[in-house]
Structure formats: C-alpha cells, structure tokens
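Comments concern the structure below.
The values are calculated or read from the model by the stated rules, or taken from the named source; none is laboratory data. Source: prediction; values computed, not measured. Because the Cβ atoms are built from the backbone with ideal geometry, glycine has one as well, and the counts that use them run over all protein chains shown.
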Amino acid sequence: EQGPAIDALGQVVVAVYQERNRCVRLKENLGQISACRAPAEPSKGHDVRLLLKRLDRSRQRDIERLPALVRKFLGQAEHSARIEALNGCPVIQRLHGRSLVVGERIVLVFGRRDRHGLRLATAAALTRAGHPARRSIYFVATTGHEAGLLGAQTLVTRPPVPLERTAAVINIDRGNVWGTTRDIVALGAELSSLGNIASQAAQAEGLSLTPDPAPELGDYFGSDHFPFALAGVPALQIATGRNFVGQPADWGDRTAENYLTTKYHQPGDEFHAGLSYEGLLQQVAVMTRIAWAVAQTGEFPVWNENSVFHEAGARLRAAR
C-alpha cells in the first residue's frame, strides 16, 4: 500500500506518495507525529495489472481524504490544504543512427528529469564511439514519476516512435553515490534477452551482474520503464551493486537499508561532501554498452517465455 506524506509547516504545502516508507508522516511547527502502518508480508507473486488497479484506487482515496487526515493528526490547529494540478512535459533527445530506412527501430534510454546528468554522460560516451550506432537512440527525461509514473504512461500512449519499433528501454532511477563496486544490478535482467546483453556489458567493465538484492520491494514495478514493459517493450533498470570495494561484505546492504529508512523521500536526502561519483561512472559505462549493443544488432530483444510480460511482447511483435 502507499499512503500520502503530508508536509505541514503551518499549512499543508505538498502531498506526495511514499513508495517504500510504511508511515504517514505529518510535520508541524512544534514537532512530528507519525502514524505507521505495519509492513506487509513480502509479495509471493501477484497479477501486476490487478496491483496497479488497486494502487490507482488507493491513490484516489488518499487524495480525497487528505483534509480529513490533516484534521485528525493536527487537531484544531489552523491549517489549509491545497492540491494543485501541475503541467509537465518530457525532454527527448535523439542520437541519430546510421540507418536511413523509414520505420527504423530505436532504443530508449530513460530517466527522470533529475537524472539528467546520467543521460548526458551516456549520450556523450556514445558520441565518442567514432561512428553512429546502426539504430537511433532516444534519451528521455520523464516527469510525474512520484504521481504514479504519469509521464512515462503518457509516453506509452503517445511515444516519440511507435512502440512496435522500440527495441528496448534502459532506465536508471537511483544512481550509485556510495562508491566503486565489483558488481552492478540490472533489474529485470532475468525477464528478457536483455539480461545476456547486460551481463556482457558488465563483464566488459570488469563487473559481475548481481540479481535484484531486494525483490520483495518490487523496484522493477515502480519506475518509469514499467509502463513500457506492460506494453510489451523489453526493459531494464540499472541499479546499484552491493559488493563495494574496500568495504565489508554486508556494507552495501546495510547502506541501502539505512538510506531507505532514514533518507529516501525525506529531508535528509540531500547532497553532502561524502558522496562519491565513481559508482555513477560505472553505471553510465554499463548503460552505454547496453544501449550500443541493442542499437547495433538487427534483432529485437524478446521477453522470456516465463515472463509476465511475454504475452504483451508477442502482441507487439505481431504488429511489426
């Protein structure tokens, strides 16, 4: 379940959705009150579409009851609530491929607007390859992520290139700012033939490919590539490895858990001098190799037969 996080400094100024924190936190001038939900048991497997429908209904209910929640937790304190509709648009950049064939296939490199530097670094690396890739690569910055992947969902309905010509989506959500690793995570690698490409890309950078270290969190099903996966386009999400150079074996797991519980979607999630960018460079290098490999091949990546997205992929292939 997701609940609204309400930041109240004399008044409610923003309402966002916590994807991980199982608490509704209400702040006021004199302190903080937290109403925590008991964590649910790890998922044993659910129909993804049913989960999305439940999430949409839950989100609508939360929006409708925001004023009541504020009154409940802030008592008679003076406050006002305002929900605003904001307009946003994606930023799309194209790196032209060599193919001049009308209806060429393309690769999408995804990330939210605040991950702009990672996309630019990937684009810069690809332009230094000496010659263009066979297929064009589109770099897409989405909006509306925290409101339910609205920007990505809009792009699925109005894509820059028809979905049947979109070979793959490569996404990065949270970058590694904790240091150099010996491994890298590609969420969804086990779901499609992109997994083999990701493994080869990691090996070329001297890294091993690690499976999702926390599948119970459902990270793959909560980022901007997901609407494209539902529509049948094979997709990966690059994530942080866990085997950090110069650190104890469990340091990566402990650091990730600490971030999720004390900083994620909280005021403490800010830049500080202790952040490291070497891990980001590793992620960019692997993303660049994956994008190049997919853009160079004449074949479309495909979903594995046991993947929940296999049928959607088959429908997309039939439209080509």
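For the reader, a short list of remarks on this structure follows.
- Checking every residue in segment 212-224 against the condition of being under 19 Å from Asp173 (Cβ atoms), surrounded by fewer than 15 Cβ atoms within 10 Å (Cβ to Cβ) and not aliphatic (A, V, I, L, M) gives at least one match.
- Here Ala198 meets the list (1) buried (at least 22 other Cβ atoms within 10 Å of the Cβ); (2) among the small types (Gly, Ala, Ser); (3) at pLDDT below 95 almost entirely, failing just condition (3).
- Here Val185, Val177 are screened, and the one residue that is under 16 Å from Ile238 (Cβ atoms), surrounded by fewer than 20 Cβ atoms within 10 Å (Cβ to Cβ) and either of a type in the set (D, E, K, R) or in contact (Cβ under 8 Å) with a residue 40 or more places away in the chain (or both) is Val177.
- Segment 201-244: number of residues that are farther than 19 Å from Val286 by Cβ and assigned to a strand (DSSP E or B): 0
- Top-ranked residue of segment 280-289 - restricted to ones that are within 15 Å of Ala235 (Cα to Cα) and touching a strand residue (DSSP E or B) at 6+ places or on another chain (Cβ under 7 Å), ranked as modelled with the lowest pLDDT: Met287
- Just one of (1) over 27 Å from Ala167 (Cβ atoms); (2) surrounded by fewer than 17 Cβ atoms within 10 Å (Cβ to Cβ); (3) not hydroxyl-bearing (Ser, Thr, Tyr) fails for Ala314. It is (1).
- Considering Trp303, Trp251, Trp292, the condition of being at pLDDT 90 or above and within 14 Å of Ser192 (Cα to Cα) is satisfied by Trp303 alone.
- Evaluation of Asn258 against the conditions (1) surrounded by 12 or more Cβ atoms within 10 Å (Cβ to Cβ); (2) assigned to a helix (DSSP H, G or I) shows that the sole unmet condition is (1).
- Scope segment 148-188; condition of a type in the set (S, T, N, Q) and closer than 19 Å to His96 by Cα; matching residues: Thr166
Each row is one residue, and each column tells you yes or no for (1) assigned to a helix (DSSP H, G or I); (2) surrounded by fewer than 17 Cβ atoms within 10 Å (Cβ to Cβ); (3) of a type in the set (A, V, I, L, M, F, W, C).
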position	(1), (2), (3)
His272	no, yes, no
Gly279	yes, no, no
Gln282	yes, no, no
Ile290	yes, no, yes
Val294	yes, no, yes
Glu299	no, yes, no
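- Selection status of Gly252, surrounded by fewer than 15 Cβ atoms within 10 Å (Cβ to Cβ), over 22 Å from Phe139 (Cα atoms) and in contact (Cβ under 8 Å) with a residue 60 or more places away in the chain: no
- Filter result for Ile172 (within 24 Å of Glu270 (Cα to Cα), of a type in the set (Val, Ile, Thr) and buried (at least 24 other Cβ atoms within 10 Å of the Cβ)): yes
- A residue that is assigned to a strand (DSSP E or B), buried (at least 21 other Cβ atoms within 10 Å of the Cβ) and on the phi < 0 side of the Ramachandran plot occurs somewhere in segment 153-166.
- Scanning segment 129-139 for residues that are without any contact (Cβ under 8 Å) to a residue 60 or more places away in the chain and within 27 Å of Phe221 (Cβ to Cβ) gives Tyr138, Phe139.
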